[in-house]
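The values are calculated or read from the model by the stated rules, or taken from the named source; none is laboratory data. Since the model is a prediction, treat every value here as computed from it, not as a measurement. Every residue, glycine as well, gets a Cβ built from its backbone with ideal geometry; the counts of neighbours run over all protein chains shown. Surface areas here come from the heavy atoms of the whole protein model, side chains and all, with no ligands, DNA or RNA. Shrake-Rupley method; radii C 1.70, N 1.55, O 1.52, S 1.80 Å.
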Amino acid sequence: MSVAILKTGAGNVRSVAMALQRLGAEPILTDDAREIMLAEKVVFPGQGEARHTMACLRARGLDTLIRSLTKPVLGICIGQQLLCRHSDEGDVDCLGIFDVDVKKFAPAGREKVPHMGWDTLSRPAGKLFDGISEGEYVYFVHSFYVPLCPFTTAATDYITPFSAALAKDNFYAVQFHPEKSGEVGERILRNFLAL
């Protein structure tokens, strides 16, 4: 199965490619519109800064292309955030697939930002979470979050309850890193490939 991994200027794409290869997929890192359109699935991963990554998408015309995709798309970490309407990080308008804004964590006490490490999923629902139980652990690294909203398909509570995952039509997104989340993350990626 061909999977286009979007080349956006954000980091941490190699581990995503390796995780997909282990599951039998054929990932290609690309910003070429033709390659993206020919792929069976698209993954929008990375760690980075919202304004810079959106500028990279716009410079390559990928912002318009992503919005037009009808095949399964999976956003990971900043990929989830940029599929939303607006981000507090860099005060930037994003792709608007999910009609919700990305907020910055505001610690109320001794909590540290970024939220980094293993944390649990609550209320996992939908095709991406087939076989995933309440309370399973996944790996997070982020300072910004998507509030709970009508598109939320899994939640996590750190400082405030937030969307660990979103889904709308053919678009799926996770704030955590499935490629770093052991067997649970592998199952989620396998579920995505099976869509």
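Annotations
- Across segment 65-99, the qualifying residues are those that are without any contact (Cβ under 8 Å) to a residue 60 or more places away in the chain and open to solvent by less than 20 Å² (accessible area, probe 1.4 Å), and the one among them that is nearest to G185 (Cα to Cα) is L82.
- Filter result (over 22 Å from F171 (Cα atoms) and over 17 Å from the mean Cα position of the chain (by Cα)) within segment 89-124: G90, D91, F105, A106, P107, A108, G109, R110, E111, K112, V113
- Among the residues listed as K112, K127, K168, the single one being in contact with a helix residue (DSSP H, G or I) (Cβ under 7 Å, 6 or more places away or on another chain) and surrounded by fewer than 17 Cβ atoms within 10 Å (Cβ to Cβ): K127
- Of all residues in segment 1-32, those being open to solvent by less than 50 Å² (accessible area, probe 1.4 Å) and part of a helix (DSSP H, G or I) number 5.
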